[in-house]
Ligand SMILES: [Zn+2]
């Protein structure tokens, strides 16, 4: 009888296991994010990821005169973990023009993204059917577009936004959402802190949280000061800026005009 009991218990257990395996959804181990390390000679390029992005973590520092330090194309979740980028010849963080995918940045630790020339710190060009840039996290981000640093007017060129567009494409920027982080975004000559490059539009900028400081039109030579803190570049129009939460401070270099702070600076 004891033997029979054991057998039936085994049968019951195996039946339970079968039922269990049928009723519980299959759990697969979560894929580890891809690690990327910036160095003075090594840029980071993120594209592909097939049917689903398993996440990316970028660490490291580059001040070695790369062209674009970080280039992103497609839909990706990207963690910036104490990233320090400067001295690039173009973009610190470049999202492909008219990228249809959504790019999510999560801030960890202290991050710096400094672009040069007319490029935006985090460059996002395109309006209409383009993806959304979302910024989350509890870390900090200092991000600046390039700005005029030459000594004569003939050397003048327009700067890029802290986060957003450049003057070059004349296409504007759109779909930027900030949910968290301590962010200081500075636009160069004629460019918004968050929004358009010089003479370029900005639309659909939403701030839901975080501490955001946006300074537009930082022009060391005072040749083309002004541009929205959040909005269009100098003489570039603005539509649909929404502040739902967080702490937001805006400044338009050389102007106290409300329209210049959230909106655009007159040419
Ligand atoms: Zn990815």
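Just so it is clear, none of the values below were taken in a lab; they were calculated from the coordinates. Predicted model only: the values in this text are computed from it and were never measured.
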How much length is gained if the chain between residue 65 and residue 242 is pulled fully straight, taking 0.36 nm per residue apart and subtracting their Cα-Cα distance, in nm to one decimal? 60.1 nm
Contour minus end-to-end for residue 208 and residue 51, with contour as 0.36 nm per residue of separation and end-to-end as the Cα-Cα distance? 53.6 nm
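Please work out whether the range 54-155 counts as rounded, prolate or oblate from its C-alpha gyration tensor, where a ≥ b ≥ c are the square roots of the eigenvalues and a/c under 1.5 means rounded, while otherwise a/b larger than b/c means prolate and anything else oblate? Present the calculation step by step, with values, prior to reporting the outcome.
Numbers: a/c = 2.13, a/b = 1.31, b/c = 1.63.
Oblate shape, in that a/c is at least 1.5 and b/c is the bigger or equal ratio.
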Contour minus end-to-end for residue 35 and residue 221, with contour as 0.36 nm per residue of separation and end-to-end as the Cα-Cα distance? 62.9 nm
Please give the Cα centre distance for the range 199-252 versus the range 121-141, rounded to the nearest Å. 14
